[in-house]
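Read-outs: derived from the displayed coordinates by stated rules, not from any lab. These numbers come from a predicted model, not from an experiment. Note that each Cβ is placed from the backbone with ideal geometry, even for glycine, and that neighbours are counted across all protein chains shown.
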Amino acid sequence: MHYIDEGDGEPFLFVHGNPTWSFYWRELIREFASQHRCVALDHIGMGLSDKPPRYNYCLTQHIDNLVTFVEQLDLRNITLVAHDWGGAIGCGAAIRIPDRFKRFVLLNTAIFPPPFIPKRIQLTRIPVLGSIALRGFNLFSRAANSMATNRKGGLPKIIRQGLVAPYDHWRNRIGVYRFVMDIPTRSNQETWRRLEQIEQDMSQFVDQPTLLIWGMRDWCFQPLCMERIKIILPHAKCVPIEDAGHYVVEDATATVIRAIHDDLDDLK
């Protein structure tokens, strides 16, 4: 498992989703490493981590990996900063080892079974066709560079290149594909049950500082997801960003950084 580990102080643990990797957090790490230990991992199958062709690519396994990762680095008083699937993975680890987590910063994510699956993602799950599209043509990662942003003119070329750089071959796109296939649609699926458990057990953090930063132009993790997390964690502070999409850190970097700084100041 590849990871970045920069700075000193109470740790910020950055947990990415699909189809990003630790590169997504680069500007936040640059900003906060002067005062915090900033740790950002790449899930197995993603980023610069190993991408074994035969592996149990599922939410439960990613949570198990993160718990082991946190314990081996002996991270304590963690501020979890999580996006997309990273919210479920990070919070899934937090309910397993709650004494190590101090605070939560969640961005365009979900910690409950999906209330819906957008049609454009449903298409990528069609047997054979989905595999050819995602692994053969890298359509999920490439499409995200335009569909996940609300930036006028899209993301700069250098950032687009960085986001897709690890996914340069069929064999290196296994994690992206398996994340999509792990989206549950029925209550009898393991990942559905795991998400239900996370939603229920996160109530133990009801009094922990929680910041929800949301790109309101996200067609996948829509604002209703933020509102549902707010039901689970009613004391959470919400920062909606009206002109940002799913890649909220890319669309509104300065606003995200300022929101985290303001929240840190409020806790002093």
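For this structure, a couple of remarks:
- Site pair Leu267 and Ser146 shows an inter-label distance of 4.0 nm when each label is modelled 7 Å from Cα along Cα→Cβ.
- Spin-label pair Asp243/Asp99, simplified geometry with 7 Å Cα→Cβ offset, distance in nm: 4.8 nm
- Mean Cβ neighbour count within 10 Å, used as a protection proxy, ranking 185-196, 69-80, 104-115, 165-176 highest first: 104-115, 165-176, 69-80, 185-196
- Highest average first, the peptides 153-163, 213-223 ordered by how many other beta carbon atoms sit within 10 Å of their residues are 213-223, 153-163.
- Extension gain (nm, one decimal) between Trp219 and Ile231, 0.36 nm per residue minus Cα-Cα: 2.3 nm
- Once the chain from Glu10 to Ser187 is taken as fully extended at 0.36 nm per residue, the excess over their C-alpha distance is 59.9 nm.
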